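See below for the structure under consideration.
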Amino acid sequence: MKSSISGLVNNVSLLVATLLASTLALVQQANADCDVSFDGEKLEIKCDDADDSILVRQDGAGSLLVDIGSGEENVGPVDDLKDVVIESEGGNDIVAVVALSVTDSVEVKTGKGNDFVVVAIDVTIGNDLKIETGSGADVIRLGFDVLVANSVDIKTGGGGDTVDARFGSGVIAGNDIKINGEGGNDLLEVGGNLDVGNSLEIKDFETVNP
Ligand SMILES: [Ca+2]
Ligand SMILES: [Ca+2]
Ligand SMILES: [Ca+2]
């Protein structure tokens, strides 16, 4: 039994590693049509209606790294990072937030198009995580130690969307998790991995796999 569980964990790790590698490859292929600003506390990335790929992470040396398609750029020290706001607008966008710690909130809005959002692997958020993927068939993957002190609010908009939180320890929120599939035929893969201090609200998903 134990070995089958560790086998499963290894398979999921492999899946996430593959996912991240393919995300990174896509990030490097994309054209940079995004404005990036960082004042030491707030990172804002705003893109246009083209297909954008955005990767945000911090490295072991305490630098905040952003890749909008032309390779990773060090935008400054991560020490006072409070907020991350990413708006990728129309187009089929990829947004990845990995290995990052912020003292306030992370907000991702991907607008129209078939978008792909990953928030995974040691992401610590001092306040809230908000994700809105708008119309289009979107995929949101969450897991491997996403720790949110207050609330998680996910809205997937119209279209057949998938929210998948089966990876590793999934998402742990100190207060609430709200996930709204809105229009379309939506799939939620929970994997027993949504852990809340207060309330869990799941709405408008046609299929929920616990
Ligand atoms: Ca876009
Ligand atoms: Ca989009
Ligand atoms: Ca959608």
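The values are calculated or read from the model by the stated rules, or taken from the named source; none is laboratory data. In this text the structure is predicted, and so the values were computed from the model without any measurement. As a convention, Cβ positions derive from the backbone with ideal geometry for all residues, glycine included, and neighbour counts pool all protein chains shown.
Quick check on my filter: what residues within region 130-164 are under 16 Å from ILE177 (Cα atoms), at pLDDT below 95 and either in contact with a His (Cβ under 7 Å, 6 or more places away or on another chain) or not in a strand (DSSP E or B) (or both)?
Residue satisfying the conditions is ASP145 alone.
Could you list, in sequence order, all residues of region 102-117 that are within 16 Å of the chain's Cα centre (by Cα) and crowded, with 18+ Cβ neighbours inside 10 Å?
Of everything in region 102-117, those that are within 16 Å of the chain's Cα centre (by Cα) and crowded, with 18+ Cβ neighbours inside 10 Å turn out to be VAL102, SER105, VAL106, VAL108, LYS109, THR110, GLY111, ASN114, ASP115, PHE116, VAL117.
Of everything in region 68-86 that's modelled with pLDDT of 95 or more and crowded, with 20+ Cβ neighbours inside 10 Å, which residue is farthest from ligand 2 (Cβ to nearest atom)?
VAL78
Test ASN185 against the criterion of being touching a residue at least 12 places away in the same chain (Cβ under 8 Å) and touching a Lys or Arg at 6+ places or on another chain (Cβ under 6 Å), and give yes or no.
no
When the residues of region 147-205 are filtered to those that are over 19 Å from SER105 (Cα atoms) and of a type in the set (Val, Ile, Thr), which remaining residue is surrounded by the most Cβ atoms within 10 Å (Cβ to Cβ)?
Looking at the filtered set, the residue picked out is VAL163.
Does GLY126 fit the bill of being surrounded by 20 or more Cβ atoms within 10 Å (Cβ to Cβ) and either touching a strand residue (DSSP E or B) at 6+ places or on another chain (Cβ under 9 Å) or more than 16 Å from GLY192 (Cβ to Cβ) (or both)?
no
Name every residue in region 178-197 that is modelled with pLDDT of 95 or more, out of contact with any Asp or Glu (no Cβ under 7 Å at 6 or more places or on another chain) and either in a strand (DSSP E or B) or under 12 Å from ILE154 (Cα atoms) (or both), in order of residue number.
ILE179, LEU187, LEU188, listed by residue number.
Name the residue, out of ALA99, ALA120, that is away from ligand 3 (no atom under 16 Å from the Cβ), surrounded by fewer than 21 Cβ atoms within 10 Å (Cβ to Cβ), assigned to a strand (DSSP E or B) and not basic (Lys, Arg).
ALA99
Being closer than 30 Å to ALA61 by Cα and of a type in the set (Asp, Glu) is true for just one of ASP115, ASP164, ASP145, ASP138. Which residue is that?
Going through ASP115, ASP164, ASP145, ASP138 in turn, the sole match is ASP145.
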